[in-house]
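Below is one structure; the comments refer to it alone.
The values are calculated or read from the model by the stated rules, or taken from the named source; none is laboratory data. Only a predicted model underlies this, so the values are computations on that prediction, with no experimental measurement involved. Here the Cβ is made from the backbone with ideal geometry for all residues, glycine too, and neighbour counts use every protein chain on show.
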């Protein structure tokens, strides 16, 4: 083992017990020496993305959360209601590491040239188990960040940037010429605006609050619709007429929004319809749900004819579609624009232990747009 | 004009007035001599399909229906609520003929050889305006029925048979190996069972009542799930495990059923899943809504991961996909099996005037499985 690499490391774990209890804790695990093609990365920054929170909290009812343990080794428990427990059957009684992506410094490397080349470099990683002080990983899975890039700049180099590029690519592949996005003032939404501005793709931003509209206006967004406004349906239809957008990516999932988007798309298409069709327009209208900020049921008032589709959209499915070469190209683009197009902003940095404090969970667990946490395992927050 | 062809004919019309009123009536219209490539068909049978009722009743509230006019020329009026009126904007104040399909005898023909060849033949037609005593139509749009086939046998030669063949074809094109169908004891559902039995396609039938299950059992259906049974979710999951069905065609549309099907598909796939995936299974699950027997909102409790799609399915879209040649092949198959695979059953025959009696509307307007009306314009019911 190289100097500075401990034989053990601390890892955040999420465990759902068959008795209906979630337990979050920090667990000391062995950190074996890297194999030939592996490196050990000192994790210095890892974001708390909505896609992480699903695994972290499972179906637990966070209003029942309790804190025990010590300041250094906090333990959080919460009840998992029976219905939620059934949905979690596949992970019950398995202590699961968490954290999709992160960045840090390579502190040990296996004997292969590829691994050795990474020694001392700052790298970004995708692959789970990032909420830890150290992460062993294959050298090939590391994205080397340009010189002068801090770990905190590279912590969100995969999920949001690749999702944004995936949305634009999916739009083109499926024959649409403009996009709709919800929860549009998020870090991801801001990136999407920058990419769409660069590439001249008309983008309709749907936000839930006036102050979120202001954030987007400032970065140059042209079409912004506030779903809390009484004129929302008309505003959205007008924006859809202006842009011709017939595909949407929805981070919310629950409630009426997905159906409202389809209805407004249909109304927009029909504004120029030559004659009445009882089955609605023949223009295909697509909404992809890619997040679940609202976990309540999706309600569709089917006033949008018969030519429509609503479905799930998953980054990993998209990357499989474009293949390893296409994925490598997308990653290279992200690395070169990490401080500009794909820059992320965090409202707070917390250590692993701080991430398990109830008052912090109460904030980042809400998944409110504009509240994004970064875990920095080796730095006091 | 040939002997026996009047210069005028009676046609059923549906009119939604801007003031918010539906008016159904019989209107005498001119029946011009056929052009060279046209024929005039004496319409002898035309079904009241669910797809016709949408155009016939629009968004009217049938509980407000009133009858006026005479026995020969009845007029039905009903209120159209404001929300419904907005959805009907494209057809307001246009008196619309109704009736997707029908069959009858060619009583006059244009001078072309193709038209002349049809004189005296019994033909089936698709193209609207079939609720009439006569229908002028292009010869090329007529499907000549085999000798000995009555008009009542050929009245439903298009919509249901082609929809059934379209479902099986769509299943294959999209890479699935078994089917789920709802409202499965309908005329269409029975046809689908016969086609699937012929072609060894496993079919899961979802019905809403025990007596409908009995109807299907009698014609050889193997997998039947009653959505009114307390064990429905388990029954459906078991049937999905047994068949491997990952695509469904749903005639209901509203309520929770579409989402329940997706949930059971996910549960069925996960029974053999090697390990927990937080995004659900990677097997694509598809539900197509092709009808709207329940007009209430569709409610999706999204407990089926991220690899799914729900969309509208329309016969006309499918026929465009297979093209004119593919469509002609499907039609030829239907014509040759009209009395067997594609046989329809009607609970009642009514004249045009009888179809506008309130007590008849109260029955066929319900779209209850097992209640199918046939309009016979020239025969007393």
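For the structure I just gave you, tell me whether residue A:253 is under 17 Å from the mean Cα position of the chain (by Cα) and assigned by TED's automatic domain parsing to the domain that holds residue A:286. Taking the combined requirement at face value, the residue satisfies it. Being within 12 Å of another protein chain (Cβ to nearest Cβ) and surrounded by 20 or more Cβ atoms within 10 Å (Cβ to Cβ) is a property that residue B:350 lacks.
Filtered by the rule that a residue be more than 14 Å from chain B (Cβ to nearest Cβ) and crowded, with 23+ Cβ neighbours inside 10 Å, segment A:39-55 gives A:39, A:40, A:41, A:43, A:45, A:46, A:47, A:48. For segment B:74-101, residues that are under 30 Å from residue B:157 (Cβ atoms) and in contact (Cβ under 8 Å) with a residue 60 or more places away in the chain total 10.
Here is a yes/no grid of residues against (1) within 30 Å of residue B:256 (Cβ to Cβ); (2) in contact with a strand residue (DSSP E or B) (Cβ under 9 Å, 6 or more places away or on another chain); (3) at the interface with chain A (Cβ under 7 Å from one of its Cβ atoms):
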| position | (1), (2), (3) |
| --- | --- |
| B:280 | yes, yes, no |
| B:286 | yes, yes, no |
| B:294 | yes, yes, no |
| B:302 | yes, yes, yes |
| B:307 | yes, yes, yes |
| B:330 | no, no, no |
| B:338 | no, yes, no |
| B:341 | no, no, no |
| B:346 | no, yes, no |
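Total residues in segment B:56-83 satisfying the condition of being within 14 Å of chain A (Cβ to nearest Cβ) and surrounded by fewer than 19 Cβ atoms within 10 Å (Cβ to Cβ): the figure is 3. Here is a list of conditions, (1) out of contact with any strand residue (DSSP E or B) (no Cβ under 6 Å at 6 or more places or on another chain); (2) more than 10 Å from every other protein chain (Cβ to nearest Cβ); (3) over 22 Å from residue A:169 (Cβ atoms); (4) in contact (Cβ under 8 Å) with a residue 40 or more places away in the chain, and residue A:244 meets all of them except one; can you say which number that is? Every condition holds for residue A:244 apart from (3). Apart from one condition, residue B:235 fits all of (1) touching a strand residue (DSSP E or B) at 6+ places or on another chain (Cβ under 9 Å); (2) in contact (Cβ under 8 Å) with a residue 12 or more places away in the chain; the exception is (2). The set of residues in segment A:104-126 being over 17 Å from residue A:152 (Cα atoms) and assigned to a loop (DSSP other than H, G, I, E, B) consists of A:110, A:111, A:112, A:117, A:118, A:119.
Yes/no matrix, rows are residues, columns are (1) in a helix (DSSP H, G or I); (2) in contact with a helix residue (DSSP H, G or I) (Cβ under 8 Å, 6 or more places away or on another chain); (3) surrounded by 17 or more Cβ atoms within 10 Å (Cβ to Cβ):
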{"residue": "B:181", "(1), (2), (3)": "no, yes, yes"}
{"residue": "B:185", "(1), (2), (3)": "no, yes, yes"}
{"residue": "B:195", "(1), (2), (3)": "yes, yes, yes"}
{"residue": "B:200", "(1), (2), (3)": "no, no, no"}
{"residue": "B:211", "(1), (2), (3)": "yes, no, no"}
{"residue": "B:216", "(1), (2), (3)": "yes, yes, yes"}
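Put simply, of B:167, B:125 the only residue that is assigned by TED's automatic domain parsing to the domain that holds residue B:51, within 18 Å of residue B:329 (Cα to Cα), surrounded by 24 or more Cβ atoms within 10 Å (Cβ to Cβ) and under 18 Å from the mean Cα position of the chain (by Cα) is B:125. Within segment B:353-371, if we keep just the residues that are modelled with pLDDT of 95 or more and not in a helix (DSSP H, G or I), the residue that is nearest to the other protein chains (Cβ to nearest Cβ) turns out to be B:356. Based on this model, can you work out whether residue B:76 counts as over 24 Å from residue B:335 (Cα atoms) and either touching a helix residue (DSSP H, G or I) at 6+ places or on another chain (Cβ under 8 Å) or in the same structural domain as residue B:296 (by TED's automatic domain parsing) (or both)? Yes: the conditions hold for residue B:76. Of the strands (runs of 3 or more DSSP E) lying entirely inside segment B:24-95, those carrying at least 2 residues that are within 24 Å of residue B:251 (Cα to Cα) are B:38-47.
Considering the conditions (1) within 12 Å of chain B (Cβ to nearest Cβ); (2) modelled with pLDDT of 95 or more; (3) within 27 Å of residue A:367 (Cα to Cα), residue A:264 is excluded by exactly one of them, (1).
In segment B:170-179, the residue that is nearest to residue B:319 (Cα to Cα) out of those that are assigned to a helix (DSSP H, G or I) and in contact with a helix residue (DSSP H, G or I) (Cβ under 9 Å, 6 or more places away or on another chain) is B:170.
You will find that of B:243, B:237, B:307, B:231, the residue that is in the same structural domain as residue B:208 (by TED's automatic domain parsing), modelled with pLDDT of 95 or more and closer than 30 Å to residue A:99 by Cβ is B:307 and no other.
With the requirement that a residue be without any contact (Cβ under 8 Å) to a residue 60 or more places away in the chain and within 23 Å of residue A:24 (Cα to Cα), what does segment A:103-127 give you? Scanning segment A:103-127 gives A:126, A:127.
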